[in-house]
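Asker: Attaching a single structure in structure tokens format; questions to follow.
The values are calculated or read from the model by the stated rules, or taken from the named source; none is laboratory data. As the structure is a computational prediction, the values presented were derived from the model and not from experiment. No Cβ is skipped: glycine too gets one built from the backbone with ideal geometry, and neighbour counts run over all protein chains shown.
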């Protein structure tokens with residue numbers, strides 16, 4: 001029997017994961033801009049980001065579909081990051097273990113040109 005998926009909850013996971021990725025990446029690129037983002041807060045942010053990604057992974061194909069819908073509506077770095085992290089090859093990846101240069105290169109190569 002198929003377990004029902006609460007789409008609004010899964011959509012929240014997708015939205016929060018996208019947002020947290022942007023906050024995380026921005027902080028790493030601009031560490032002096034937010035002095036309140038200490039190591040403890042960064043650890044909690046990473047844990048929350050991984051938890052939202054896990055929520056999407058647990059939703060299976062519905063999680064991927066909802067993440068794709070979010071990217072279709074908002075083709076931005078956070079949404080693309082989430083969609084990439086839901087692909088089969090990324091199933092066991094944790095944010096702490098990512099090669100950020102590779103992630104940024106992937107996002108830059110795949111995102112649409114904002115100038116058209």
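Asker: If residue 29 passes every condition in (1) over 15 Å from the mean Cα position of the chain (by Cα); (2) within 24 Å of residue 112 (Cα to Cα); (3) touching a residue at least 12 places away in the same chain (Cβ under 8 Å) but one, which one does it miss?
Answerer: With (1) over 15 Å from the mean Cα position of the chain (by Cα); (2) within 24 Å of residue 112 (Cα to Cα); (3) touching a residue at least 12 places away in the same chain (Cβ under 8 Å) applied to residue 29, the lone miss is (3).
Asker: Here's another thing I want to ask about it. Report yes if residue 111 is farther than 17 Å from residue 23 by Cα and surrounded by fewer than 17 Cβ atoms within 10 Å (Cβ to Cβ), otherwise no.
Answerer: Values: farther than 17 Å from residue 23 by Cα: yes; surrounded by fewer than 17 Cβ atoms within 10 Å (Cβ to Cβ): yes.
It is true that residue 111 is farther than 17 Å from residue 23 by Cα and surrounded by fewer than 17 Cβ atoms within 10 Å (Cβ to Cβ).
Asker: For residue 53, state whether it is touching a helix residue (DSSP H, G or I) at 6+ places or on another chain (Cβ under 7 Å) and surrounded by 15 or more Cβ atoms within 10 Å (Cβ to Cβ).
Answerer: Working: touching a helix residue (DSSP H, G or I) at 6+ places or on another chain (Cβ under 7 Å): yes; surrounded by 15 or more Cβ atoms within 10 Å (Cβ to Cβ): yes.
Answer is yes for this residue.
Asker: Go through segment 7-26 residue by residue and tally those that are farther than 16 Å from residue 81 by Cα, without any contact (Cβ under 8 Å) to a residue 40 or more places away in the chain and surrounded by 11 or more Cβ atoms within 10 Å (Cβ to Cβ).
Answerer: 0
Asker: May I ask you to list the residues in segment 32-50 that are surrounded by 17 or more Cβ atoms within 10 Å (Cβ to Cβ) and touching a residue at least 40 places away in the same chain (Cβ under 8 Å)?
Answerer: Within segment 32-50, 49, 50 meet the criteria.
Asker: Filter segment 65-108 down to residues that are modelled with pLDDT under 95 and buried (at least 18 other Cβ atoms within 10 Å of the Cβ), then give me how many there are.
Answerer: Qualifying residue count for the region: 0.
Yes or no, residue by residue, for (1) within 15 Å of the chain's Cα centre (by Cα); (2) part of a helix (DSSP H, G or I):
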| site | (1), (2) |
| --- | --- |
| 17 | yes, yes |
| 20 | yes, yes |
| 34 | no, no |
| 40 | no, yes |
| 45 | yes, yes |
| 53 | yes, yes |
| 57 | yes, yes |
| 62 | no, yes |
